[in-house]
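The values are calculated or read from the model by the stated rules, or taken from the named source; none is laboratory data. None of the values given here were measured: they were computed from a predicted structure. Virtual Cβ from ideal backbone geometry, glycine too; neighbours counted across all protein chains shown.
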Amino acid sequence: MDWIRIKNDVNGNPRWVCHWLTLESKPDYSLTLSERYARALQLAKTIGGRKFHNKQYGGGIVFQCYGPNDIQPYIDLVKSRAAA
């Protein structure tokens with residue numbers, strides 16, 4: 001999974017961004033792209049992810065954590081629950 005480190009939030013907490021496709025456990029191609037993005041965003045919100053509004057990275061989901069290793073177990077858990 002590719003992660004990009006972005007600027008800290010206003011309180012100085014580190015933030016990391018990943019692409020929304022990394023949150024798809026099993027792509028459902030019968031849905032439109034925007035519906036698939038909405039589903040991935042909904043899953044990310046359950047573990048603290050937010051939509052990343054920025055021109056530098058389209059379709060990104062931002063997490064407030066100290067590193068990708070902190071959030072990865074939660075992402076794996078959400079993906080496995082969505083696949084079931």
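Details
- Qualifying residue in the range 73-80 (condition: surrounded by 11 or more Cβ atoms within 10 Å (Cβ to Cβ), among the β-branched types (Val, Ile, Thr) and outside any helix (DSSP H, G or I)): no
- Subset of the range 1-21 that is of a type in the set (Val, Ile, Thr) and either in contact with an Asp or Glu (Cβ under 9 Å, 6 or more places away or on another chain) or touching a residue at least 40 places away in the same chain (Cβ under 8 Å) (or both) - its residue that is farthest from residue 33 (Cα to Cα): 6
- Taken across the range 49-61, residues that are in a helix (DSSP H, G or I), at pLDDT 85 or above, within 22 Å of residue 74 (Cα to Cα) and touching a strand residue (DSSP E or B) at 6+ places or on another chain (Cβ under 6 Å) do not occur at all.
- Extreme residue, nearest to residue 74 (Cα to Cα), among residues of the range 1-40 that are aromatic (Phe, Trp, Tyr) and part of a helix (DSSP H, G or I): 20
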